[in-house]
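One structure below.
The values are calculated or read from the model by the stated rules, or taken from the named source; none is laboratory data. Nothing here was measured: the structure is a model prediction, and the numbers come from that model. Every residue, glycine as well, gets a Cβ built from its backbone with ideal geometry; the counts of neighbours run over all protein chains shown.
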């Protein structure tokens, strides 16, 4: 931009006469095209360069996990192509295909960053771990140990374990897949119980809890054990239990409460994860 100042005259205390001429470019405009494209010409250019979008999207997709959809990358790349066509300026001496490739790739990568739920640092650590394992395997001609991988990353073993914990959940798989050459899809959901109580982890936890409870019951007095058995297993009332044992009903209630307190204390030691909250945890089911 060039500023030309012409001579001025002072005609009064607060009045100036004359003018300033501004010439030159004031910076880029919103649309960089040398001419406004017609709708038909714009659509023709979009259709012409669609194969370029799919080629770039497929190239990026080959380096991504399988759960990323190629069609999503193509859709995002088309938006980048449209932006390139709308902003293209022939006077800059650049081919549209070259400029469009830059805009398409940028749009796809920006879309992936927006969709990524994991921190970028964790992604970087995951790549560093994979690279360190590959380098160590090639050098040693065997699978490296954790200590050797940590040394390759210049980390302590504890710090390497922290990295592993953070990147462990980054690799996601599909619940439905189709094997190569197989026309039938396989759905993992068919093998997962809808009721969480039937999950393998829940069944294992329930089995271990029963074992701990049996160990706890074996350590209480016989009379308390009998009261609990008659009350919870045989579902008898305190009055009926009092007649069988030969004690007053109030005494039976006291022994039952005492047995529950013994079990609660014992289970807290045998099963720390099971935090029983009040007497309702022992209610009859």
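Among residues of the range 43-76 being in contact (Cβ under 8 Å) with a residue 40 or more places away in the chain and within 10 Å of residue 104 (Cβ to Cβ), the one that is farthest from the chain's Cα centre (by Cα) is 49.
Let me confirm something: among 235, 198, which residue is more than 30 Å from residue 66 (Cβ to Cβ) and modelled with pLDDT of 70 or more? Spell out how you get there, then give the answer.
Values: 198 fails: more than 30 Å from residue 66 (Cβ to Cβ).
It is 235.
The residues in the range 107-124 that are surrounded by 11 or more Cβ atoms within 10 Å (Cβ to Cβ) and not in a helix (DSSP H, G or I) can be counted, and the count is 3. From the list 251, 284, 277, 264, the lone residue that is surrounded by 12 or more Cβ atoms within 10 Å (Cβ to Cβ) and at pLDDT below 90 is 264. So, of the residues in the range 93-106 that are without any contact (Cβ under 8 Å) to a residue 24 or more places away in the chain and on the phi < 0 side of the Ramachandran plot, which turns out to be surrounded by the most Cβ atoms within 10 Å (Cβ to Cβ)? The selected residue is 103. Given the criteria assigned to a helix (DSSP H, G or I) and either farther than 21 Å from residue 119 by Cβ or modelled with pLDDT of 85 or more (or both), does residue 206 qualify? Yes: the conditions hold for residue 206.
Would you check if there is a residue in the range 143-153 being touching a helix residue (DSSP H, G or I) at 6+ places or on another chain (Cβ under 7 Å), within 16 Å of residue 56 (Cα to Cα) and surrounded by 18 or more Cβ atoms within 10 Å (Cβ to Cβ)? Scanning the range 143-153, I find no residue that is touching a helix residue (DSSP H, G or I) at 6+ places or on another chain (Cβ under 7 Å), within 16 Å of residue 56 (Cα to Cα) and surrounded by 18 or more Cβ atoms within 10 Å (Cβ to Cβ), so the answer is no.
Residue count for the range 215-238, restricted to those that are in a helix (DSSP H, G or I) and surrounded by fewer than 10 Cβ atoms within 10 Å (Cβ to Cβ): 2.
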